[in-house]
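Chemist: Would you mind keeping the following structure in view while I ask a few things?
The values are calculated or read from the model by the stated rules, or taken from the named source; none is laboratory data. Predicted model only: the values in this text are computed from it and were never measured. Every residue, glycine among them, receives a Cβ derived from its backbone with ideal geometry; neighbour counts consider all protein chains shown. Surface areas here come from the heavy atoms of the whole protein model, side chains and all, with no ligands, DNA or RNA. Shrake-Rupley method; radii C 1.70, N 1.55, O 1.52, S 1.80 Å.
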Amino acid sequence: MAFDAEAIRADFPILLRHVHGKPLVYLDSAASAQKPRAVIEAMSRAMEHSYANVHRGLHTLANETTEAYEGARAKAAAFIGAEPSEIVFTKGGTEAINLVASGLGRFLQPGDEIVLSEMEHHANIVPWHFLRERHGVVLKWVRVTDDGQLDLEHFQSLLGPRTRVVALSHMSNVLGTINDAKDLARMAHEAGALVLFDGCQAIVHKQVDVKDIDADFYVFSAHKLYGPTGIGVLYGKADKLAALPPYQGGGEMIGVVSKDEITYADPPHRFEAGTPPILEAIGLGAAIDWISALDRRAVAEHEHRLYARVREGLAGANWLKVVGEAPGKGAILSFMVDGAHAHDVAQILDRYGVAVRAGTHCAEPLMRRFGLTSSARASFALYNTEEEADAFVDALKKTQAFFA
Ligand code: PMP
């Protein structure tokens with residue numbers, strides 16, 4: 001059965017908004033997705049009925065909240081085929097990568113190599129640059145082909161006896177390219193390296209099974225997955241998490257503290273110092289329940305259909321340049337309009353009610369690879385409709401007319 005985006009839209013109160021007198025066409029979900037009522041209500045319900053700090057309580061509300069918080073961990077684990085003890089809650093995908101990089105830094109020597117790619121988000125670049133600055137590790141960069149794929153031969157050639165970590169995006173937030181994580185993990189492991197995937201985009205559009213991929217670490221944020229901001233997930237294989245030193249110190253992450261000595265809790269609590277994002281975890285749990293009730297394959301097909309419809313609507317537009325043409329790519333359109341700055345394009349589209357993002361998308365190495373200083377990006381989500389795809393095409397043609 002075809003996916004019913006209209007029915008899904010009823011779950012998202014914000015989609016009823018008008019912008020500049022036009023119905024909102026929200027094509028910025030790759031930056032952050034809108035929230036279904038199930039998420040909004042789960043968080044308000046917790047605040048209205050059952051809220052206290054977690055873990056250290058001996059009273060009813062504390063116990064209920066702890067159950068909800070740990071329940072969200074179990075949901076996140078089941079969602080990606082992991083064990084709850086392998087799930088660390090962080091404040092986002094960015095913090096999750098920083099946690100891993102800073103922990104691994106302790107084990108790295110000058111000259112050790114970390115392999116990244118030209119399509120990484122800054123979240124999966126800067127934490128590794130810290131290790132270059134602080135520990136003298138060498139960063140190696142997998143090239144991206146003209147159509148926006150990882151150059152696998154080049155990747156293979158970069159793997160060697162000094163490769164310690166491979167950190168790659170599962171899906172590019174600019175190109176939409178979906179990388180074959182399982183194959184990349186196999187290649188990394190054959191070289192004896194640990195592999196981390198930045199799943200911030202992929203998790204939204206694909207069923208992810210971290211055991212099948214054989215990822216050592218896999219990270220994502222809740223807010224792109226129709227959940228709240230302020231929480232992300234770090235999956236780590238049990239033995240890999242156990243080997244990592246703590247990231248931040250404070251309450252909840254310790255075993256014993258005395259004036260002269262300290263021991264640490266086991267993962268995942270070792271990495272969750274202080275009061276965690278409790279309400280956000282509850283919201284993430286609700287988002288996972290909500291998305292898990294959908295036919296995810298049908299959702300992906302729907303998003304692909306929207307993308308194909310837009311491409312068809314723009315066929316023959318010789319004023320349009322698109323980056324990212326990888327086969328099987330996700331529904332993200334990064335583009336430039338001849339003679340126009342991407343920021344101007346985004347601002348004019350906004351006058352038509354169409355929300356797109358413009359800039360470097362936190363991917364400056366990729367921009368440089370394609371000789372760009374910025375691009376505009378329309379990203380499609382399950383609540384977008386064919387009418388919206390057409391409205392975007394129409395608004396973009398009108399926008400281009402300003403610059404013709
Ligand atoms: N990686 C990718 C591919 C992303 O798209 C993003 C969000 N733009 C991030 C990492 C960072 O996620 P967050 O800002 O939620 O920590």
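Chemist: A62 is checked against (1) more than 16 Å from the ligand (Cβ to nearest atom); (2) farther than 14 Å from F217 by Cα; (3) touching a residue at least 24 places away in the same chain (Cβ under 8 Å) and fails just one. What number does that condition carry?
Modeler: (3)
Chemist: Give region 340-388 a look and list any residue that's within 19 Å of the chain's Cα centre (by Cα) and among the acidic types (D, E), or say none.
Modeler: E364
Chemist: Filter region 29-60 down to the residues that are within 24 Å of V356 (Cβ to Cβ) and either modelled with pLDDT under 95 or open to solvent by less than 40 Å² (accessible area, probe 1.4 Å) (or both) and list them by number.
Modeler: Correct list: S29, A30, A31, S32, A33, Q34, P36, V39.
Chemist: Something else now. Does G105 fit the bill of being surrounded by fewer than 19 Cβ atoms within 10 Å (Cβ to Cβ) and touching a Pro at 6+ places or on another chain (Cβ under 7 Å)?
Modeler: Against the criterion (surrounded by fewer than 19 Cβ atoms within 10 Å (Cβ to Cβ) and touching a Pro at 6+ places or on another chain (Cβ under 7 Å)), G105 does not qualify.
Chemist: Then there's this: Hey, can you tell me all the residues within region 3-28 that are open to solvent by 20 Å² or more (accessible area, probe 1.4 Å), of a type in the set (G, A, S) and either touching a Lys or Arg at 6+ places or on another chain (Cβ under 8 Å) or under 15 Å from E387 (Cβ atoms) (or both)?
Modeler: Listed by number, the list holds a single entry, A7.
Chemist: Then there is this: In region 204-308, which helices (runs of 4 or more DSSP H) lie fully inside it and hold 3 or more residues that are of a type in the set (V, I, T)?
Modeler: Filter on region 204-308 gives 278-292.
Chemist: Checking the conditions here, which among P267, P277 is in contact with a Lys or Arg (Cβ under 7 Å, 6 or more places away or on another chain) and closer than 27 Å to D209 by Cα?
Modeler: P277
Chemist: Can you tell me which residues in region 110-129 are within 16 Å of the ligand (Cβ to nearest atom) and free of Cβ contacts under 8 Å to residues at least 60 places away in the same chain?
Modeler: The answer is L116, S117, V126, P127, W128, H129.
Chemist: Here's something else I'd like to know. Take region 278-310 and flag every residue that is more than 17 Å from F12 (Cα to Cα), open to solvent by less than 70 Å² (accessible area, probe 1.4 Å) and either touching a strand residue (DSSP E or B) at 6+ places or on another chain (Cβ under 9 Å) or basic (K, R) (or both).
Modeler: E280, A281, R296, Y307, V310
Chemist: Any idea how many residues of region 200-218 are touching a strand residue (DSSP E or B) at 6+ places or on another chain (Cβ under 6 Å) and either open to solvent by 30 Å² or more (accessible area, probe 1.4 Å) or near the ligand (Cβ under 8 Å from one of its atoms) (or both)?
Modeler: Residues in region 200-218 being touching a strand residue (DSSP E or B) at 6+ places or on another chain (Cβ under 6 Å) and either open to solvent by 30 Å² or more (accessible area, probe 1.4 Å) or near the ligand (Cβ under 8 Å from one of its atoms) (or both): 2 in total.
Chemist: Now, a different point. Count, please, the residues in region 179-199 that happen to be away from the ligand (no atom under 16 Å from the Cβ) and either of a type in the set (K, R) or crowded, with 24+ Cβ neighbours inside 10 Å (or both).
Modeler: Result for region 179-199: 4.
Chemist: Could you list all residues from region 98-109 that are touching a residue at least 60 places away in the same chain (Cβ under 8 Å) and polar (S, T, N, Q)?
Modeler: Of everything in region 98-109, those that are touching a residue at least 60 places away in the same chain (Cβ under 8 Å) and polar (S, T, N, Q) turn out to be N98, S102.
Chemist: Tell me, which strands (runs of 3 or more DSSP E) wholly within region 322-404 include 1 or more residues that are in contact (Cβ under 8 Å) with a residue 12 or more places away in the chain and β-branched (V, I, T)?
Modeler: Correct list: 332-337.
Chemist: Can you name every residue in region 81-102 that is open to solvent by less than 20 Å² (accessible area, probe 1.4 Å) and more than 16 Å from the ligand (Cβ to nearest atom)?
Modeler: If the condition is that a residue be open to solvent by less than 20 Å² (accessible area, probe 1.4 Å) and more than 16 Å from the ligand (Cβ to nearest atom), then A82, E86, I87 are the ones that fit.
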